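Heads up, the thing below is written out as C-alpha cells.
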Amino acid sequence: MLQSKEEKCMKRKFNRIFLVLSGIFIMILAVSSLVMVLFFPELLSFGTSDNGEATKELFAMDTYITMTAHGWDAETAVAEAADKLTELEQLWSVTEPESEIYAVNQSNGQAVSVSSETEDLLSFALQMAEKTKGALEPTIYPVLKAWGFTTEENRVPSDFEITELLKNVGYERVHMEDGSVWLENGIMLDLGAVGKGYAGDLAAQILRDNGITSALLDLGGNIQTIGTKPDGSFWKLGLQAPFSEGTLGILEISNKAVVTSGAYERYFIGEDGKRYGHIIDPVTGYPAENGLASVTVIADEGRLCDALSTSLFVMGADRAMEYWQLHQNFDMILITEDGEIYLTDGIADMFTLDSYHSNMKVNVIEDE
Amino acid sequence: MNVRKMTQLAMLTGVALIIFVIELQIPNPFPIPGIKLGLANIITVYAVYRFQAGEVMMIVFCRIFLAAVFSGNMMALAYSFAGSVLCLAGMLLLRKIIDKKHIWIASVFGAILHNIGQISIAALVMGTGILVYLPFLLLSGCLAGAFTGGCAQLIIRRLKETMRYDES
Amino acid sequence: MSKQKILMIICVVVFLLGIAGSILVLLTPHGTQVNIVQDGIVLYTIDLTTAQDQTLEIEYKGRTNIVQIENGRIRMLEAECPDQTCVHMGWLDSGAMPIVCLPNHLSIEYAGSGDNIDAVIR
C-alpha cells in the first residue's frame, strides 16, 4: 500500500464527487436539450435553407391557391403570378358586380367590350363546347342556379322549370366580334368550368417568363407543374379517392397540368334520398349520372384539362373513350362508380395505386 | 413463513399501494404512454435488498394486481406484469454484484427493464410502430430509476436493520 | 474497473442512447398523409392538406375515440380510456411518434415517407 489510508479516502471521495457532478451535469444537458427541442422544433431544421425557393398562398376565384417555384427569381415570379390571379378573378367572376362577365350577363343583348384575356378564355370555351358537342356548356349557369349550386341552398327543380330554363341554354347563342361579346336574350355566361385552368396556365406562363424551370401550382386541386422537381424527380401527386377521404394512388408527372372532376366534389342529398352532383348534363338539365365517379385529365395546358374533365364526366365512360381515340392530345384516368379504373396508355406507367386500394381493377385504354 | 414476516410483507405492499394511488393524482406533463415516476418502486428496491427473492415477488405481484384493481384499469395489468417480471429478474440478478452503496444503479436497470417489458407488450398489441417511444422510455427510466433508487438507498442507510437477503 | 463502475457506465450509455434516440425520433420528417390504425388495420388514410375539418368516431369494444381534423392538423379529441394520455398528446406533430390510445388499440400516425406527396389532385 503506497498511499496512506487518508489519502485513499480522499481520493475515493473526490472520485465520487466527480462522478456525481458529471452525472448531474449530463442530466441537466440532456433535460435541457430535450426541452429545447420539444418547444422549439425549428431548431431541428438545420441545413435546409432553400436558396431560390418561393411559395405564395392566396385565396382567389373562390379557391385556395398555393404556388411554389424554384429558381433565382422565384420570389418576384410568384408575386407577379399572384397579382395576375387576383386580376383575373376581378375579370371573370360571375358574381362580382365589377367583373367583365357580370357586365356581359347584365348587358341585355348589348355588345360589351372585354379584355384580351376574357376574349381568349371565351373563345376557348366556345371551341371546346363545339368539340365536345355541347358536353361543355358555358351557358348552363341558369340551370346550375336553379339547383342551388351557386348559393348552397340546394333544391330539386321541377321538370317544367328545367325545360323552361334549358330554352335559354346554348353556346351557339354567344357571339364574339372584335373584342366584344354579346349574348342573345336570356343567355348567361359562366366560365367557371374553364376559368381556373386557364388562370393556371397564365400564372404558369408568368413563372416561365421569369425563368422558372421548376414549379408547382395548386389551384384548389387543379395542379399545374413546370418542369420536374429541383432534384430532377417527377412531381408526386396524390389522386383524390372519390368515395372516401384520402387518396387512392399517386400520379407522377412533369411539366403537365392535371385536373379532376367528379360529383363527389359538391353534391347534396335530396329529400328522396338521392344524390345530386354539381356537374349538370346540358342535354337533360339534371346532374350527370352515367356511372363515372371521377375524371382526371392530364395535358400540357390547364385550360384543356379543366374543360375536358367536366365534359368527359358528362359524356360518360364510353363517349369519353371515343373522344380520346379521336383527339388524343391528352391523357385521362376514369374512375367508375363500381370502383374500376380506366387509364390511357400514355400515363399508365405513371400511376400507382396505394396499398389500401390495390384491389381496384385497372384497365388500360390503348390507341386503336 | 412466520407471522412476523407475513406482516412485514403485507405492510410493505400496503405502503407501495398507497404511494401508487397518490402518484396517480399527480398530473403527468409528458404525454407519452409509459412515462411515470414509479415512486412505488422505492418499496420494491428496498425489498430487493432486504428480503428473499420469493418474498420480493410476492410483494410486487400483489401490489400490481391490487393497483390494477384500485385504479380501475385491469387492462394495464398485462403491461405492469411484463415490466415487473423483467425488472425483478434484472434487479435480483444484480444484487449479487451491487453493494448497498450503489443501489440506485440497480434501480436504474430495474426501471429500464420495466419499461422495455411494457413497450414489448405494447408492440405485440399495437404493432411495431409504437417502438418509437423506446428512447423516451429509456430516458425516463434512467431518471426515474435513479431517483427512486436514491430514495431507497437513503432509506436503507437510515434504517438500522442489517441486510438479511442471503439468510433464509 | 470495479463492477460498480462498469454498471454505472452502462447506465450512462443507456441514458445517452435515450437522449440521442429521443432527438432522432423528434427529428424525423413527415409527409402529409396520416393513417388511423386500429389493431394493426388501417381504418383511414387521410391527406391533411386537403381534408376538411371533421371529427371521426371510432369504436372499440364499446368504447369510443373521437379524432378531430382541423386546419390540416389531427388529434385525439376525446377518448373513453382510463389514462387520457392520447388526448393530452395534442396535435400530431412528429413524423415518427404516433398518437396512441393503448387501451383502445388505436393510433394516429404519419404514413411512411415514401408516400411524400407534393400535392393532391381533387
Against the definition (free of Cβ contacts under 8 Å to residues at least 60 places away in the same chain and crowded, with 17+ Cβ neighbours inside 10 Å), how does B:Ala111 come out, yes or no? no
Suppose we filter C:Thr45, C:Thr28, C:Thr85, C:Thr32 for residues that are surrounded by fewer than 16 Cβ atoms within 10 Å (Cβ to Cβ) and either under 14 Å from the mean Cα position of the chain (by Cα) or at negative phi (or both); which single one remains? C:Thr28
For region A:222-232, which positions are over 14 Å from A:Glu53 (Cα atoms) and at pLDDT below 90? A:Gly232
Selected residue [within 22 Å of A:Glu80 (Cβ to Cβ) and out of contact with any Cys (no Cβ under 8 Å at 6 or more places or on another chain)] from A:Thr213, A:Thr228, A:Thr151: A:Thr213
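Take B:Thr7 and tell me if it is hydroxyl-bearing (Ser, Thr, Tyr), assigned to a helix (DSSP H, G or I) and either touching a Cys at 6+ places or on another chain (Cβ under 7 Å) or over 16 Å from B:Phe109 (Cα atoms) (or both).
yes
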Do the conditions hold for A:Ile298, that is, is it within 14 Å of chain C (Cβ to nearest Cβ), under 23 Å from A:Leu353 (Cβ atoms) and more than 14 Å from the chain's Cα centre (by Cα)? no
So, first residue touching a residue at least 12 places away in the same chain (Cβ under 8 Å) in region A:266-283, second residue of a type in the set (Phe, Trp, Tyr) and assigned to a loop (DSSP other than H, G, I, E, B), Cβ within less than 6 Å, six or more apart or across chains; the pairs are A:His278/A:Phe149
Among the listed residues A:Asp367, A:Asp300, A:Asp338, A:Asp306, which satisfies the condition of being within 18 Å of A:Glu252 (Cα to Cα), in contact with a strand residue (DSSP E or B) (Cβ under 9 Å, 6 or more places away or on another chain) and among the acidic types (Asp, Glu)? A:Asp300
Please determine whether any residue of region B:56-76 is of a type outside the set (Gly, Ala, Ser) and either within 8 Å of another protein chain (Cβ to nearest Cβ) or in contact with a strand residue (DSSP E or B) (Cβ under 7 Å, 6 or more places away or on another chain) (or both). yes
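Being in a helix (DSSP H, G or I) and closer than 14 Å to C:Asp83 by Cβ narrows it down to one residue among B:Ala67, B:Ala82; which is it?
Exactly one residue qualifies, and that residue is B:Ala67.
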Evaluate the following for C:Thr85: is it within 30 Å of B:Ser71 (Cα to Cα), out of contact with any Lys or Arg (no Cβ under 9 Å at 6 or more places or on another chain) and of a type outside the set (Asp, Glu)? yes
Within region C:58-73, restricting attention to residues that are surrounded by fewer than 19 Cβ atoms within 10 Å (Cβ to Cβ) and touching a helix residue (DSSP H, G or I) at 6+ places or on another chain (Cβ under 7 Å), which residue is farthest from C:His30 (Cα to Cα)? C:Arg63
So which of B:Pro29, B:Pro33 is within 11 Å of another protein chain (Cβ to nearest Cβ), outside any helix (DSSP H, G or I), more than 12 Å from the chain's Cα centre (by Cα) and free of Cβ contacts under 8 Å to residues at least 12 places away in the same chain? B:Pro29
Would you be able to say whether some residue in region B:93-110 is more than 8 Å from chain C (Cβ to nearest Cβ) and under 10 Å from the mean Cα position of the chain (by Cα)? yes
Has region A:208-218 got at least one residue that is of a type outside the set (A, V, I, L, M, F, W, C), modelled with pLDDT under 90 and at positive phi? no
On the given criteria, is A:Gly249 modelled with pLDDT under 90, farther than 21 Å from A:Gly197 by Cβ and assigned to a strand (DSSP E or B)? yes
Does any residue of region B:40-51 turn out to be under 28 Å from C:Glu80 (Cα atoms) and of a type in the set (A, V, I, L, M, F, W, C)? yes
Going by what's in this entry, would A:Leu251 be described as at the interface with chain C (Cβ under 9 Å from one of its Cβ atoms) and buried (at least 24 other Cβ atoms within 10 Å of the Cβ)? yes
Going by what's in this entry, would C:Met76 be described as within 30 Å of B:Leu113 (Cβ to Cβ), more than 8 Å from every other protein chain (Cβ to nearest Cβ), of a type in the set (A, V, I, L, M, F, W, C) and touching a helix residue (DSSP H, G or I) at 6+ places or on another chain (Cβ under 7 Å)? yes
If I ask for residues that are part of a loop (DSSP other than H, G, I, E, B), of a type outside the set (S, T, N, Q) and within 11 Å of chain B (Cβ to nearest Cβ), which ones from region C:20-39 would you list? C:Asp39
Among the strands (runs of 3 or more DSSP E) lying completely within region A:299-368, list those that include at least 1 residues that are more than 27 Å from A:Ile140 (Cα to Cα). A:341-344, A:351-353, A:362-365
Would you confirm whether or not region B:141-153 contains a residue that is more than 8 Å from chain C (Cβ to nearest Cβ) and either on the phi > 0 side of the Ramachandran plot or surrounded by fewer than 17 Cβ atoms within 10 Å (Cβ to Cβ) (or both)? yes
Filtering region A:254-279 down to residues that are assigned to a strand (DSSP E or B) and of a type in the set (Ser, Thr, Tyr), which residue is nearest to the other protein chains (Cβ to nearest Cβ)? A:Thr260
Counting just the residues of region B:37-64 that are in a helix (DSSP H, G or I) and of a type in the set (Gly, Ala, Ser), which one comes out nearest to B:Leu24 (Cα to Cα)? B:Ala47
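Hey, which of the strands (runs of 3 or more DSSP E) in region C:61-122, taking only ones fully inside, have at least 2 residues that are at pLDDT 85 or above and over 16 Å from B:Pro33 (Cβ atoms)?
Here the list reads C:63-70, C:73-79, C:119-121.
The values are calculated or read from the model by the stated rules, or taken from the named source; none is laboratory data. All figures in this text were calculated on a predicted structure; none of them were measured in a lab. Every residue, glycine among them, receives a Cβ derived from its backbone with ideal geometry; neighbour counts consider all protein chains shown.
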